[in-house]
Amino acid sequence: MLEGVVQIVCPHCDRDNRIPRALLRQAPPCVACRGELFQGRPAPIEDERRFDKHVRHSDIPVLALFHAAWSSDSNAVRAVFEQAGPRLEPYARLVSVDGAALPDFIERLKVVRYPTLLLLHHERELARVSGAMNLAQLLSWAGPLIAGVAGRSPLPSPMGHHRPGSPRRG
Ligand SMILES: [Zn+2]
């Protein structure tokens with residue numbers, strides 16, 4: 001990462017965008033498609049190539065939710081993940097992946113349960129967690145990890161002093 005410049009991959013057309021860190025919160029539109037670089041919600045990713053591009057080219061960590069339609073916990077966490085978007089962007093890129101549609105990809109990433117959240121930065125897996133969780137649990141798990149990548153604490157404190165129970169690790 002160049003000092004003061006952050007590479008962001010467009011969630012619409014996957015073009016690399018380099019923007020000054022100071023403008024991250026008010027990111028200009030994509031240089032290629034003019035779409036919003038941050039929409040406050042997860043971007044659906046439906047193929048492995050796109051996923052890899054985001055993970056390799058993004059200077060911000062990628063938080064990926066792997067879900068399956070038959071998993072009721074998946075559906076609940078998908079809703080929570082949507083709510084987490086405005087809290088975690090622009091310090092992370094949130095993407096959601098229908099794992100059932102991509103069996104080879106899921107095997108490569110060793111996702112064995114749904115839902116699974118995977119946090120990656122420059123292709124390195126930082127953390128993963130599986131199972132049901134509410135918004136406070138998701139933010140208390142992901143927030144410090146994402147803040148650690150940013151090297152400071154970019155996130156507002158959504159939970160106050162209350163520490164919810166940890167979701168199941170897996
Ligand atoms: Zn674009």
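Some points to look at:
- Screening the candidates 151, 143, 99, 85 for the property of being over 26 Å from residue 13 (Cα atoms) and either in contact (Cβ under 8 Å) with a residue 12 or more places away in the chain or touching a helix residue (DSSP H, G or I) at 6+ places or on another chain (Cβ under 8 Å) (or both) yields one hit, 143.
- Tabulated pairs, region 54-69, first assigned to a strand (DSSP E or B), second among the aromatic types (Phe, Trp, Tyr) and crowded, with 24+ Cβ neighbours inside 10 Å, C-beta under 7 angstrom, 6+ apart or interchain: 65/81
- Check on residue 50, within 16 Å of the ligand (Cβ to nearest atom) and free of Cβ contacts under 8 Å to residues at least 40 places away in the same chain: yes
- Residue pairs meeting the criteria (Cβ under 8 Å; at least 6 apart or on separate chains; first in contact (Cβ under 8 Å) with a residue 40 or more places away in the chain and within 12 Å of residue 50 (Cα to Cα), in region 3-20; second part of a strand (DSSP E or B) and within 8 Å of the ligand (Cβ to nearest atom)): 9/17
- Test: residue 34 is within 16 Å of the ligand (Cβ to nearest atom), out of contact with any Phe, Trp or Tyr (no Cβ under 7 Å at 6 or more places or on another chain) and basic (Lys, Arg): yes
Each value in this text was obtained by applying a stated rule to the coordinates, not by laboratory testing. Computed from a predicted model, the values in this text were never measured in an experiment. No Cβ is skipped: glycine too gets one built from the backbone with ideal geometry, and neighbour counts run over all protein chains shown.
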